[in-house]
Every structure is written in structure tokens, then in C-alpha cells.
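S.K.: I'd like to ask you about the structure that follows.
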Amino acid sequence: MKREALALEVTSVVLGASRDFLAKEGFIELLPVILAPVTDPLRTTPEWATIFAYGRPWYLTRSMIFHKQAAVRVYPKIFCFSPNVRLEPPERAQTGRHLFEFVQLDLEVRGATREEVMELGERLFLYILAEVRKECGKALEAWGREVPEYSRPFLRIPWHKARQELGEDFEAELSRQSKTPIWLVDFPIDQREFYDREDPEQPGILRDMDLLYPEGFGEALSGGEREYQLERIKARILRQGLSLDSYRPLLALAEDGLSPSAGFGIGIERLVGFICGFPHVAQVRLFPRVPGEEALL
């Protein structure tokens, strides 16, 4: 089997297994939002993809975070396979982990805590691996890749402890050293976006988490609890040096009433790349969008 065919087969099983698991957990699927009047600020990716239509600019979705917060007002458990466009700097082409167009499994749960969605994420991840092992195990073995087996709960380490022990490049080092998936938790408030909820019992610390793959494959999942109170959201936007006017749609929703919620996103290409053992996520897609590189189609 060609590498491209293997990637397609594994991707198909990952998508199907995700849908199957989440349906059994009581989730419903949303259609993705491609263009929006407001989208994720993502300070680490400063360039925005926009079009101009109907007399105003529209942003290509960087993540559906605000749409998820709005959607759980309607239904308590939602998910979406969301195409994201993030114009990464060209140097990130070399990381093996970045595309400027990718698909993210995005989910949100009304009234959930970080711990509850961490437990959900672990069970979802292990379910996907089990289904891939069953459906694609032999094909992967022919490529010299065995689908790993892990036990939950996964280990966790606070952000400050990881940095203190492993240095500036602690996230990559933690992923390289780990033999199993590992949680990175309790991020400093200025390390993440304004929608991530500050821990009321630990000022300056967010109720956030990232799941890291072992073997140096980097970030698997990212999420946490959300700020949902109007004044808290305003204060965090201003703290981040952003304009309140830029986030009027979100503030209008908060004024009308947002629900407490928590959720996460999983990059599909990174997940398939990890399962297959591919050195670059571009190998997962037939038509990859690599930062700074031309595309044939």
C-alpha cells in the first residue's frame, strides 16, 4: 500500500471512530463555520487570512472557539470537524507539525470542568487508537508502525514545573522524553488567550490543559475551561492589549448570557501523523498547505 493510501485509510477510521464515540457520549455534530466576523486571536500566529465581501472584512476561521461557546447555549454537548486557516510563519514548515490549513476536531460541553473534559479526551483518544488498531493494524505493521496501547489516567505536570525542570523548550523536550501521552496543565495567564478561564483559587493560573504525544510528536490536544462572564471577558481582552470593539459579537453574546463550559480541539493531521509515525503532517494530506511552500492544487 502506498503511503498516501495508508494516510487516507487511517484518516477515515479516525473520523469515523470520533463520530461513533461522541455520538455514544450524547454529542451532536455542527456544520463548520468557514468565514466569520470575529475569530480566535491566537497571538502566536499574528497574520490573519481575510476576504472582503458585502462591504466588510470576513475572517477565515482560525478556530471555532466563539461558535462553540455560542452553540452550547443551544445544546449541551457539541462537536465539529472544523477547517482552520492559520497563516503560520514560513519557518514553521520545518517543525513537521504545522500546516496553514488543517482540520480540527473541536468539541465543547456546557457546565463541564477541566477534569471532566480531560477524562473525556483520554477515553476518546484510546477509543480511536483501538479502532485504528482493529481496522488498519496490519497495514500499519507493513509500514513498520505498531499502533501503541496506553492506560489512563495519563500523567500530568504543571506548566511552571515542566519549564523549571526542562528549560525553555520544555514542551518539545517533554514530548521527546515521554513514553506515554502526558498532560501539561495550569498555564500562566499571559501564555494563553483571553477566553481561557482564570482559576478562581489560583489567580494568574488558567484552568487549561494540553495533551502531548510521546516520541516527540508534540501537542495532541489543547483546551480548558472558558471565561463566560461579561466583565471577566472584557478585562481579559484589555489585559491582552486587544480592542473591545473587535470582539463586539462575543461581548453581545456574553451580555445576553454565556454558559460555563469546557472543551478542546484535536488536530486531525497531527493525530494521523502520530498514529502512522510520519515525520511531517504534510504526509497525511493529499493536498497539504505547508507554510511558505507552493501547492500544486
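S.K.: If you average the alpha carbon positions of segment 211-243 and of segment 170-185, how far apart do those two centres end up, in angstrom?
M.R.: Computed from Cα coordinates, the inter-centre distance equals 19 Å.
S.K.: Compute and list, largest first, the equivalent-ellipsoid semi-axes of segment 43-114 from the alpha carbon gyration tensor, each √(5λ) rounded to a whole angstrom. Numbers along the way, then the final one.
M.R.: On the way: eigenvalues 132, 69, 18 Å².
Over the Cα atoms of segment 43-114, the ellipsoid semi-axes are 26, 19, 10 Å.
S.K.: Can you tell me the 0 to 90 degree angle between the C-alpha axis of helix 114-142 and the longest principal axis of the chain, rounded to 10?
M.R.: 30
S.K.: Exposed loop sites here are chymotrypsin sites (Phe, Trp or Tyr not before Pro) in DSSP loop states with at most 16 other C-beta atoms within 10 Å. What is the longest stretch of the chain lacking them?
M.R.: Longest gap between qualifying sites, sites excluded: 151-297.
S.K.: What distance in nm lies between label points placed 7 Å from Cα along the C-beta direction at Glu231 and Glu201?
M.R.: 2.4
S.K.: Compute the distance in nm between two label points, each set 7 Å from the Cα along the Cα-to-Cβ direction, one at Leu35 and one at Gln177.
M.R.: Roughly 4.8 nm, to one decimal.
S.K.: Where the accessible area of the chain is counted over protein heavy atoms with a 1.4 Å probe, how much of it, in %, is carbon and sulfur? Could the numbers behind the result be given before it?
M.R.: Working: 7450 of 14190 Å².
Within the chain, the accessible surface is 53 percent carbon and sulfur.
S.K.: While we're looking at this one, here's another question. What ³J(HN,Hα) values, in whole Hz, does the Karplus curve 6.51 cos²θ - 1.76 cosθ + 1.60 give for segment 249-254 when θ = phi - 60°, with x put for Gly and Pro?
M.R.: Those phi angles translate into x, 5, 5, 5, 5, 5 Hz.
S.K.: If you don't mind, there's one more thing I want to ask. Plugging the Kirkwood radius over Cα pairs into Stokes-Einstein for segment 238-297, at a temperature of 10 °C and a viscosity of 1.306 mPa s, what D comes out in µm²/s? Show your work: numbers first, answer last.
M.R.: Numbers: Rh = 15.6 Å.
This corresponds to a translational diffusion coefficient of 102 µm²/s.
S.K.: With +1 assigned to the C-beta of every Lys and Arg and -1 to the C-beta of every Asp and Glu, and no other charges, what is the dipole magnitude of segment 140-243 about the Cα centre in debye, to the nearest 20?
M.R.: Charge dipole of segment 140-243: 260 debye, to the nearest 20.
S.K.: Take the chain, connect every pair of alpha-carbon atoms lying under 10 Å apart with a spring to form a Gaussian network, then pick out the residue of His160, His67, His280 with the largest mean-square fluctuation.
M.R.: His160
S.K.: Compute the accessible area per residue over the chain, keeping the other protein chains in place, probe 1.4 Å, unit Å².
M.R.: Accessible area per residue: 48 Å².
S.K.: Per Stokes-Einstein, at 25 °C and 0.890 mPa s, what whole-number D in µm² s⁻¹ belongs to segment 1-133, with the Kirkwood radius over Cα pairs as the hydrodynamic radius?
M.R.: In µm²/s, the coefficient rounds to 147.
S.K.: Tell me, what HN-Hα J-couplings in whole Hz come from the Karplus equation 6.51 cos²θ - 1.76 cosθ + 1.60 at θ = phi - 60° for each residue of segment 25-33, using x for Gly and Pro?
M.R.: Using θ = phi - 60°, the values come out as 8, x, 8, 10, 9, 8, 6, x, 9 Hz.
The values are calculated or read from the model by the stated rules, or taken from the named source; none is laboratory data. For clarity, every value in this text was computed on a predicted model and none was experimentally measured. Don't worry about glycine lacking a Cβ; one is built from the backbone with ideal geometry, like all the others, and counts go over all protein chains shown. To get the accessible areas, we keep the full protein, side chains included, count just its heavy atoms, and leave off ligands, DNA and RNA. Shrake-Rupley method; radii C 1.70, N 1.55, O 1.52, S 1.80 Å.
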